[in-house]
Amino acid sequence: MKRRILVAGAAVGMLALSACGSGGGGDGAADTEGTGDITIWYSNNEAEIAWGEQMVDAWNADHPDEQIKAQEIPAGASSEESITAAITAGNAPCLIFNTSPAAVPGFQKQGGLVNLSDFEDGDDYIMERTGEIADQYRSEDGDFYQLPWKSNPVMIFYNKDMFTQAGLDPENPPLATYDEFLATARTLVEAGVADYAINPSPTSEFFQPWFDFYPLYAAQTGGTLLVEDGKATFDNEDGAAVANFWRTLYDEQLSGREQYQGDSFADGISAMSIVGPWAIAVYGDSVNWGAVPVPTESGTAPEETHTFSDAKNIGLYTACENKGTAWEVLKFATSEEQDGIWLEETGQMPLRQNLTETYPDYFEANPAYQVFGDQASRTVEVPNVTNSIEIWQTFRDGYSRAVIFGEDEVDTFLTDTAAEIDELAAGN
């Protein structure tokens, strides 16, 4: 799967950047008024390139003295590795339209990111566009070093044909509670329609909890981050409920403990998957799919269910000489008009409040995206904290032992890992 491959490629670079100290980033508060030509980077995704090219053309046509030069993020093990290298060398572009929220603490530590709150209208613009959900993207000093840009809120994709073959209702699948989900999973596997009911990657990369534990934890807790106020939040009944749910799936072989080389959902190995709206274009007509919110222990109304955002944001980098122009371009690129074009080109959700009301024609013409548009207002981000990557790696290591492979007790994993994460979040 293209997007999951891109995410996986981030591992090496993001682990490296999280250990970096101050680099050639400069002073994030200096010279926010300079104007002139700027350079930007965007993703190498075909749809995102198409959006980027038209955005640049539209800006350049009206700003002959402040031209944008755009390019794809340079090739590397990951985009984060390329960004880290550019910060260190002091030659990062002004704007990067592919900044991972998990990488922001490391980039900020390097001195690579401009504090957007230093612009006179910085906080106001971000809050007016995104709403209260933007507060998740503030750094520990309370300011914004990233502009919340776009999300891919993850949900449960399920194969309607497999559900029908197993005697399950494909239009109203019993998946809302843990008991329903587990009963459905058993029915699917016992009917022989798929090897696994759901098959998230069991590998050890730090980001894998974003596609198994974390969406369900967000839903179970009504929107709680993994770390809040410098402390781990998951060593409690909610964390245990989510972990034990997944432990049951693995213990009963309803999920696989070995990595599948490919897309198990597209290939018919699993009947369900946790994915975002990007998957609509990927699967197309090859899978007769449906989508529902992730489950909770006792069931939660869809309009109240939270999930993981899987967002990418925009960073303004301190090597930029013309930060005033860069800020104006950033606002232009996230205007209501450009967000609408983004939605049309990519099917990814702008981090904009009242999304479905702002673009009713799009969602009417593309009903498959409606549930993701609704879900986009209830998302949880990775915590913007010190040692972000190490925190997630620590969590994944403990989770793998206790939940995936059953080598430790769940309660021990939750308590011990929470204590380790508290130390990391404190900067130790």
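Laboratory data are not the source of any read-out in this text; all were calculated from the coordinates shown. Small disclaimer: the values here were computed from a predicted structure and weren't measured. FYI the Cβ positions are ideal-geometry reconstructions off the backbone, even for glycines, and counts take in every protein chain you see.
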Using 0.36 nm per residue of separation minus the Cα-Cα distance, give me the extension gain between Asp422 and Glu337 in nm, one decimal. 26.4 nm
In degrees from 0 to 90, rounded to the nearest 10, what is the angle of the helix 323-333 Cα long axis to the longest principal axis of the chain? 40 degrees
Percent relative contact order for the chain, counting Cα pairs under 8 Å at least six residues apart, stands at 27 percent
How many nm separate the modelled label positions at Thr203 and Glu407, each set 7 Å beyond the Cα in the direction of the Cβ? 1.8 nm
If Lys and Arg each add +1 and Asp and Glu each add -1, what is the summed charge of the other residues whose beta carbon sits under 11 Å from the beta carbon of Ser151? +2
How high is the relative contact order of segment 300-373, given as a whole-number percent (alpha carbon pairs under 8 Å, six or more residues apart)? 16 percent
In degrees from 0 to 90, rounded to the nearest 10, what is the angle of the helix 237-251 Cα long axis to the longest principal axis of the chain? 60 degrees
Output the antiparallel fraction of DSSP beta bridges having both residues in the chain, as a percent to the nearest 5. 60 percent
With DSSP loop assignment and no more than 12 other C-beta atoms within 10 Å, the GluC sites (Glu not before Pro) in segment 60-140 are Glu120
Among (i) 103, 56, 45; (ii) 66, 54, 34; (iii) 66, 51, 35, only one was calculated for this model; which label is it, if the read-out is Cα extents along the principal axes in Å? (iii)
